[in-house]
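Comments concern the structure below.
Nothing in this text is a laboratory measurement; each read-out follows from the coordinates by a stated rule. Given the structure is predicted, the values throughout are model-derived calculations rather than measurements. Every residue, glycine among them, receives a Cβ derived from its backbone with ideal geometry; neighbour counts consider all protein chains shown.
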Amino acid sequence: MALSPTLDRFLAGMEYPATRDDLLREAAREGLGAEDRAVLRELPEQSYSAAWHIRYRVARNALADALTRTPQAA
């Protein structure tokens, strides 16, 4: 899953370290859309040291979702 350009710019402008709650609070303050906030809400509750760390977690979540939706070959 690729991040929206708006969410990518938001992450680039954040101050780190930041927790998931920090990200959600700032996203609401900045007026990010519901879809972008939902992506942040799916992150594990922890402290993130940089934007790349969040991008990595989002990609892992998307891969895990794709694998659970894909029917397994018998």
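Local charge for Glu45 was computed over the other residues whose Cβ lies under 9 Å away, with Lys and Arg +1 and Asp and Glu -1, and equals 0. Within a Cβ distance under 11 Å of Ala18, other residues only, what is the Lys/Arg minus Asp/Glu net charge? Every neighbour counted, the sum reads -2. Within the chain, the GluC sites (Glu not before Pro) that combine a DSSP coil assignment with at most 11 other C-beta atoms in a 10 angstrom radius are Glu15, Glu45. Near Leu63, within a Cβ-to-Cβ distance under 12 Å, what is the net charge of the other residues, with Lys and Arg +1 and Asp and Glu -1? Around Leu63, the charge tally is +2. Extent of the range 8-58 along its three principal axes (Cα atoms, max minus min coordinate, largest first): 23, 20, 17 Å. Taking every C-alpha pair closer than 8 Å and separated by at least 6 residues, the mean separation divided by the residue count of the chain gives a relative contact order of 38 percent.
Taking amide H positions as modeled 1.01 Å from N, with prolines and chain starts lacking one, the residues under 5 Å from Thr19 and 5 or more places away or on another chain are Tyr48.
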